[in-house]
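Notes follow once the structure below has been shown.
The values are calculated or read from the model by the stated rules, or taken from the named source; none is laboratory data. Model, not experiment: these values are computed from the prediction. Every residue, glycine among them, receives a Cβ derived from its backbone with ideal geometry; neighbour counts consider all protein chains shown.
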Amino acid sequence: MGIDLDIHGIQPGEQTNPWAPVQYVSNTQTPRAPRAIDRPDGFGVLLTQVNKILDWSRSSSLWPATFGLACCAIEMMSTSASRWDISRFGAEVFRASPRQADLMIVAGRLSVKMAPVLRRIYDQMPEPKWVLSMGACASCGGVFNNYAIIQGVDKVVPVDVYVPGCPPTPDMLLHGLNLLQEKIRKHIPSPPDPLAVTGQKYLGSEG
Amino acid sequence: MAMDIIKGLNTTLRELGKKPTTVSYPEEKRPLPARFRGRHVLHRYENGLERCVGCFLCAGACPADAIYIEAAENSEEQRVSPGERYARVFDVNLLRCIFCGYCEQACPTGAITLERIYELSVTHPEDLVYHKEQLLEPLGSATRGSLDAWVAPAPDQTPTPLPGRQGFFDGLEASAAAVGQGDLPAETEIMIAGDTGDPHDTGVAGEEK
Amino acid sequence: MAEQPREDLVNLTIDGRPVSVPKGSLIWAAARKLGIEIPIYCYHPKMEPLGACRMCFVAVEKMPKLATACTTVVTEGMVVRTDTPAVKKGRQGTLEFLLINHPLDCPVCDKGGECDLQDFTLRHGPGGSRFDVSKRHFAKPIPVSEQILLDRERCIACQRCARFCQSVAMEDGLAMQERGFRTEVGVDPAAPFDSIFSGNVVEMCPVGALTAKSYRFVSRPWELKKTGSVCGLCSVGCNVRVDVRVDKVLRQYSRPNDDVDDGWLCDRGRWELDAINSQERLRTPLIRKDGLLQPASWDEAMRLVAGRLREIAERDGPGAVGGIGSTHTTNEEAYLFQKLLRAGLGTNNVDHHHGRFPAAAPGAVLPWAWTDSIAGLERASDILILGADPYHRQPIVDLRIRKAIRAGARVHIVTPEPNRLDRLAATVLRYTPGHTGEIARALLNVVTAEGLTRGEFAAQRAATVEARRASVANDTPEQVAETAGIESAALRALARDLAGAEAAVILYDEMATREPSGATLAADLLDLALLTGNFGRPGAGVGPLMEDNNSLGARDMGLLPDTLPGYRLVADQDARAALGAVWGATLVGEPGQTYEEMLGGGVKALYVLGADPARHLADAQLTHLNGFEFLVVQDMFLTETARRADVVLPAVAYTEKDGSFTNTERRVQRVRQAMQPLPGAKADWEILVGVARALGLSWRYLTPAEILSEIGRTVPLYAGASRRALGELGACWPLSPGARTPEGRPTVSGSPFLTWEMFERGVAPSGVSGATGAAGPELAVARGREE
């Protein structure tokens, strides 16, 4: 029956007013997956240090999957060219195969028809993997608030970093990349998979 | 064959002595163009009152529907802006925003401008809905923001002259005429600039009609 | 609209285009017919022309100066131009003058975006001003009434508001003060502006001088989503435009439908929308667990409702289950509700809180409805208001009565309480509350005893007239005067007035029939109209003013224990068989329990939809309400009844769903969804379909339009009704399918007034005709179509 909205205010058995309104959010707010909570790292000193090295290595060699959907991809290409030189962060290796990539830069608006493809490519990427949503359209639909465009790729894949802009300049994208590196180094997990949360499936996304 | 290699190496050697073009972004920031449009800022008057009167014109102009306003009435006890009305809630969804600057153009009081703040990435999308408290410039500061950059003529550092002013046929006028607007004067003035009262004054000196 | 005879048309040309309009039309109306805009400020199509603003200048050939289009009547062969340089210059001049003192505060003005001054300045204005002087300033805003604020700086002295108060509302209110450039709108402190029609001046103000307090700085027109719908706050069913911002209804604007509201709207419909926007509304189904109502999922709640209802119906028989419907829900929902109980659970225990009008003859079921229409009031010569208060309960009917008064009608007010129309009435009589029925009988007594009967109906049925005379022989005005405290001579005079009237309309309040003396009120007044010949033509008729927005529709749809939809008796074998065939169920032939019987403990499980019986019940009956084995309440709020329920299902308001309402003049009108439903709540019809499916019924309705089409097929009164056929304006039942439009859209034709033949063919209303409740030929036709 879709998403069970988070119910505030009433605890089962609590002797409060049981007929108080149970949801105070506005109609327009999209129900989103709850925020991830940092997972407690209960492994000793050695593993923690190994984890740190692992996180540092991962953050310093992010290999993006080529996923340019629209105009944002031009700026993404520009970011990888000499003026901005994304290779300074070890992320210059744009891979044509998702199986060799660990970062998906979703650059452009995601149409409903493209969503299963995006999801399939995401599923094909090996763990650990991250998603960076580049630009207004990928992040929330942008100006395309219509039936054809998914209102944010975070409805399909878990998004780690949102970069605003239409399109974001290479500086903005690099800022987002740095933020993602920081996030990886701090070992902050990705948000939960939206499809796992909502129980929805996209056709062809099983692969 | 050998000539080709020499040719190629020639280019390499020529570029070898030059400074690299790469901008070392996080440490070094490139100089931004004068009309760069980044995050919004809401401005104040010198006396600390907010310029915004909550008129919704920016929200009406916004093509992405990124601005949400709730207006309220000023009272003598709690005066937020001059006049009757002020914006009680002013949210800009920067995730929706396409940084087009229409809000700036629509604003009758010069309250909202797009400034050179561009490092905006976040990990949670809710954080990109900027509220009035975040958008307002701090109390005590009363700037005009990038308005001046827009009122002034196009800056010199623009690498190419503005389209349509190059002295050769580039199709711009022709397409304007095709939709029946060929005789309209170009809009180079914005509302906030001193109005000369002459609708045909395009603000560009020496231009022939 | 009937085609005008050719000799009544005047031919003229405007901007070189020929047009024919009825004699006496104004140039403005002729230009409007051609789609040519002539800007106006002071003129309003529903009011007399004034010619004060000088905005509507046009050039008429052979006239030396510019003429005002809003005051110049068309003549044959007139040549009008609206685009000459002189006209443009005239308009520019007028606007330049108007803008001398009008402040340029459009960004903070509530009218900005829907302001005539703004629009016309953009389209016809000069673009600049030569008056480089400081503007006038006043203290602002001044409250002129509890809900309206006046900003004198913005006023352009068009006098629309003052003329509305004086000539349309005919009440105290706004008036023009001072002379010359000091002219301003004001209120006499001794005569406060408290009219229920006051909101109309805000809507018709061409500038932002009069603004609504509730809408102050709330939104701008371009932020609003505007949907044409029907107001759901009283039984008039005014056509409105619902203005929604994001998730709140901010206001309702009038949407002209001359047959219903004449383009006006009352303040209640305009601003009293708090219930829809309330934070208290239910947002999740609630199920009682451990004695407390706790949130549950829709699936769980619907399954529980279906399971428990079925369990109790199987254990104690279908008679142990009952349903109480609502007079607020749409026709579709009322229809589904009784279908759920009749076809799904096999019981006739379905009623609503007003119940049906008590019948004059036992067994007869009566579609008491206003036999004339609201627009028909304008043609009446006499209007009797008996025990009703249209000003407070059906304000726009009251406004139409005022229009009738201006057209020369005489109004007779016989009410227990003072009435706002008293000042304008020809007769004002007061009586002790609760004696409305006796007064009706006294009027009938005078008419029969003094031999005042007239008309074809009375002439053909001398025997029934005699029988009627005998039945009210004891109710002479003199006797009623003693009990009801009314002047007998005046009552006699009133009866003679009605009998001698050219065309009289008799209006009474629906609730008066619930009084102890009102058992036969509806039948008596119908007979009074029949015997005095005030029946069966526009401007003559009789009828109740209903209480709620769908009081009539709920009855039409069979929310009654003894009738199926369309007032066919449950005892009627043929009607049952026909409906049962469509519904795929065998229907019970015994009438079910009434509202009182069910609440008195006659059933074990009760399904309450949109009603709040607990609020109207005495404490003794409340114990019964607590004693139900299973109580389901479906409502927007946690009402008194819902607090006692086992399951509460959250419903939505009329602005959040599609459907149709039937107003007090029998007009079936479409309601349209203006906003997203509240998250967590569902429309009543959706809930009913969900419960029915949980019960194992194969209901496949996806939209209310499908339900309406089924109503159109199964209910003879609504024959041919469908979402597309009803269109924007609706039609009065009995409906019949009309021809398709050239575009292929189906239509229905309504009946603006009921004739006696319709009563005879349909369900017989009273003892006068001697007809029984049996179905007539019209029903047979419908039945043949179904089979």
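Worth pointing out:
- Pairs, first within 11 Å of chain B (Cβ to nearest Cβ) and within 12 Å of B:Glu70 (Cβ to Cβ) in the range C:206-222, second surrounded by 17 or more Cβ atoms within 10 Å (Cβ to Cβ) and among the aliphatic types (A, V, I, L, M), C-beta under 6 Å, six or more apart: C:Phe217/B:Ala71; C:Val218/C:Leu250; C:Ser219/C:Leu250
- Residue within the range B:23-46 that is over 28 Å from B:Asp127 (Cβ atoms), within 14 Å of another protein chain (Cβ to nearest Cβ) and surrounded by 14 or more Cβ atoms within 10 Å (Cβ to Cβ) present: no
- Set C:Ala618, C:Ala681: member being more than 14 Å from every other protein chain (Cβ to nearest Cβ), small (Gly, Ala, Ser) and surrounded by fewer than 24 Cβ atoms within 10 Å (Cβ to Cβ): C:Ala618
- Applying the condition of being hydrophobic (A, V, I, L, M, F, W, C) and farther than 17 Å from B:Glu84 by Cα to the range C:132-158 and asking which residue is surrounded by the fewest Cβ atoms within 10 Å (Cβ to Cβ) yields C:Val133.
- Restricting attention to the range A:102-137, the residues that are within 15 Å of the chain's Cα centre (by Cα) and assigned to a helix (DSSP H, G or I) total 10.
- Qualifying residue in the range B:122-135 (condition: over 30 Å from A:Leu173 (Cβ atoms) and among the polar types (S, T, N, Q)): no
- Among all residues of the range C:268-287, there is at least one that is crowded, with 20+ Cβ neighbours inside 10 Å and of a type in the set (Gly, Ala, Ser).
- Conditions (1) within 14 Å of chain A (Cβ to nearest Cβ); (2) in contact (Cβ under 8 Å) with a residue 24 or more places away in the chain; number of the one not met by B:Gly83: (1)
- Of all residues in the range C:418-434, those that are part of a helix (DSSP H, G or I) have Cβ atoms under 8 Å from Cβ atoms of residues that are of a type outside the set (A, V, I, L, M), 6 or more apart or on another chain, in C:Leu424/C:Arg402.
- None of C:Ala481, C:Ala473 is surrounded by 17 or more Cβ atoms within 10 Å (Cβ to Cβ) and among the hydrophobic types (A, V, I, L, M, F, W, C) except C:Ala481.
- Positions within the range C:195-209 being surrounded by 23 or more Cβ atoms within 10 Å (Cβ to Cβ) and under 26 Å from C:Ile401 (Cα atoms), in sequence order: C:Ser195, C:Phe197, C:Ser198, C:Gly199, C:Asn200, C:Val201, C:Val202, C:Cys205
- Qualifying position, being more than 28 Å from C:Asp299 (Cβ to Cβ), surrounded by fewer than 21 Cβ atoms within 10 Å (Cβ to Cβ) and either among the β-branched types (Val, Ile, Thr) or out of contact with any Lys or Arg (no Cβ under 7 Å at 6 or more places or on another chain) (or both), among C:Thr623, C:Thr664: C:Thr623
- Residue in the range C:68-81 that is among the hydrophobic types (A, V, I, L, M, F, W, C), surrounded by fewer than 20 Cβ atoms within 10 Å (Cβ to Cβ) and touching a residue at least 12 places away in the same chain (Cβ under 8 Å) present: yes
- Restricting attention to the range A:138-154 and to residues that are assigned to a helix (DSSP H, G or I) and at the interface with chain B (Cβ under 9 Å from one of its Cβ atoms), the residue that is farthest from A:Thr66 (Cα to Cα) turns out to be A:Cys140.
- One residue from B:Ala66, B:Ala71 being closer than 25 Å to B:Ser141 by Cβ, among the hydrophobic types (A, V, I, L, M, F, W, C) and under 20 Å from the mean Cα position of the chain (by Cα): B:Ala66
- Taken as a whole, the structure places C:Glu333 among residues that are buried (at least 21 other Cβ atoms within 10 Å of the Cβ), within 30 Å of C:Gly580 (Cα to Cα), among the charged types (D, E, K, R) and in the same structural domain as C:Thr639 (by TED's automatic domain parsing).
- When the test is whether a residue is among the hydrophobic types (A, V, I, L, M, F, W, C), buried (at least 20 other Cβ atoms within 10 Å of the Cβ), touching a residue at least 60 places away in the same chain (Cβ under 8 Å) and within 25 Å of B:Tyr102 (Cβ to Cβ), A:Ala138 passes it.
- Pairs, first without any contact (Cβ under 8 Å) to a residue 40 or more places away in the chain and surrounded by fewer than 20 Cβ atoms within 10 Å (Cβ to Cβ) in the range C:102-129, second assigned to a helix (DSSP H, G or I) and of a type in the set (Val, Ile, Thr), C-beta under 7 Å, six or more apart: none
- Residues within the range A:124-143 that are under 12 Å from B:Ala66 (Cα atoms) and either basic (Lys, Arg) or touching a helix residue (DSSP H, G or I) at 6+ places or on another chain (Cβ under 8 Å) (or both), tallied: 3
- Verdict on C:Met176 being more than 14 Å from every other protein chain (Cβ to nearest Cβ) and more than 19 Å from C:Lys403 (Cα to Cα): yes
- The strands (runs of 3 or more DSSP E) located wholly in the range C:286-328 that include 2 or more residues which are away from chain A (no Cβ under 14 Å) and within 17 Å of C:Val603 (Cβ to Cβ) occupy C:321-325.
- Screening the candidates C:Ala301, C:Ala306, C:Ala296 for the property of being in contact with a helix residue (DSSP H, G or I) (Cβ under 7 Å, 6 or more places away or on another chain) and assigned by TED's automatic domain parsing to the domain that holds C:Arg666 yields one hit, C:Ala306.
- Among residues of the range C:159-194 being among the acidic types (Asp, Glu) and part of a loop (DSSP other than H, G, I, E, B), the one that is surrounded by the fewest Cβ atoms within 10 Å (Cβ to Cβ) is C:Glu178.
- Close pairs (6 angstrom Cβ cut-off, 6 or more residues apart or separate chains): aromatic (Phe, Trp, Tyr) in the range C:518-538, modelled with pLDDT of 85 or more anywhere: C:Phe535/C:Ala529
- Count - residues of the range C:528-560 that are part of a strand (DSSP E or B) and buried (at least 24 other Cβ atoms within 10 Å of the Cβ): 7
- Meets criteria (within 14 Å of chain A (Cβ to nearest Cβ), of a type in the set (Asp, Glu) and surrounded by fewer than 22 Cβ atoms within 10 Å (Cβ to Cβ)) for C:Asp635: no
- Residues being within 14 Å of chain A (Cβ to nearest Cβ) and over 29 Å from A:Pro167 (Cβ atoms) - total across the range B:57-80: 1
- As a summary of the residue check, C:Ala519 satisfies the conditions (1) modelled with pLDDT of 90 or more; (2) surrounded by fewer than 18 Cβ atoms within 10 Å (Cβ to Cβ) except for the one numbered (1).
- Residue in the range B:93-111 that is charged (D, E, K, R), closer than 20 Å to A:Met134 by Cα and more than 10 Å from every other protein chain (Cβ to nearest Cβ) present: no
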